[in-house]
Amino acid sequence: MEEVLKQQPSNCIKVVLFGPESTGKTTLSRQLARYYNSVWVPEYAREYLQNKWNNERKICEPKDLLPIAIGQMKLENELAQKTDNVLICDTDLLETKVYSEAYYSGSCNPILDKYATENTYDLYFLTYIDTPWEADDLRDKPKEREAMFLAFKNTLIKHSKPFVLLKGDKKERLALAVKHIDKLLEQRR
């Protein structure tokens, strides 16, 4: 089981959009993939949990976290082989860990915890809460945006992950992200 949560070797730069719900991660992931003519890794949890909601009218439970993590890493490992440029990840296991701890009294499955902190990325883009809240079937913390943002930020700091804070409108966020990805690409040459 543990092998499926481990990153497979790849030749691309990996960046992660990271932050609370409804902060523009998916929108920016798609924009960056188009800009770099590359691929992006969608958030597996969104499809998994939407199907669960549609079929059972149930929300995420602790037993869902490992299947979500496995699905996320399967997608990431497959898509990382399709580019040698930059891989844009809409999320990662560290985000799943943050949600696990926020929703389930500070707990996280030990296997998920291990790979959430061991898997590595070149850069995280921490998305700020200055975007309008957009409700849907899965989003449920509109009044806890500040607390959730701090949980994400503190996790990056605690685990010494390299990150850049993205604020502002879509255009400003895209420009700042491109600036930092270009810097990574230049360093790689």
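Read the figures in this text as sums done on the coordinates, not as results from a lab. All of these numbers come straight from a predicted model, not from anything done at the bench. So basically every Cβ, Gly included, is an ideal-geometry build from the backbone, and we count neighbours across all protein chains shown.
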Original post:
Restricting attention to the alpha-carbon atoms of the stretch 19-62, what are Rg (one decimal) and Dmax (integer), both in Å?
Top reply: 13.4, 39
**OP:** Could you check the simple spin-label distance between Asp140 and Asn54, using points 7 Å along Cα→Cβ, in nm with one decimal?
**Re:** 1.9 nm
**OP:** Note down the magnitude of the dipole of the chain about its Cα centre, charges +1 on Lys and Arg C-beta and -1 on Asp and Glu C-beta and zero elsewhere, to the nearest 20 debye.
**Re:** 440 debye
Subject >> Percent of C-alpha pairs per 10 Å bin, the stretch 65-111, short to long >> reply: 25, 46, 22, 7
Original post:
log10 I(q)/I(0), Debye, Cα-only the stretch 124-182, no solvent, q = 0.18, 0.22, 0.25 Å⁻¹?
Top reply: -0.74, -0.98, -1.09
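Rounded to the nearest 500 deg cm²/dmol, what is the calculated helix-only ellipticity per residue at 222 nm for the chain, with -39500 (n - 2.57) per DSSP H run of length n ≥ 4?
Working: 7 runs with 93 residues, N = 189.
The helix contribution divided over the chain gives -15500 deg cm²/dmol.
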**OP:** For the chain, count the residues as N, evaluate 2.2 N^0.38 Å, and divide the Cα radius of gyration by that value, please.
**Re:** 0.98
Original post:
Of the residues Leu150, Leu87, Leu17, which exhibits the maximal mean-square fluctuation in a Gaussian network model of the chain defined by a 10 Å Cα contact cut-off?
Top reply: Leu150
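Which of the chymotrypsin sites (Phe, Trp or Tyr not before Pro) found in the stretch 33-78 are in a DSSP loop and have at most 10 neighbouring Cβ atoms, other than their own, within 10 Å? Before the final figure, lay out each step's value.
Values: sites: Tyr35, Tyr36, Trp40, Tyr44, Tyr48, Trp53; in loops: Tyr36.
Within the stretch 33-78, no chymotrypsin sites (Phe, Trp or Tyr not before Pro) qualify (loop, at most 10 other Cβ atoms within 10 Å).
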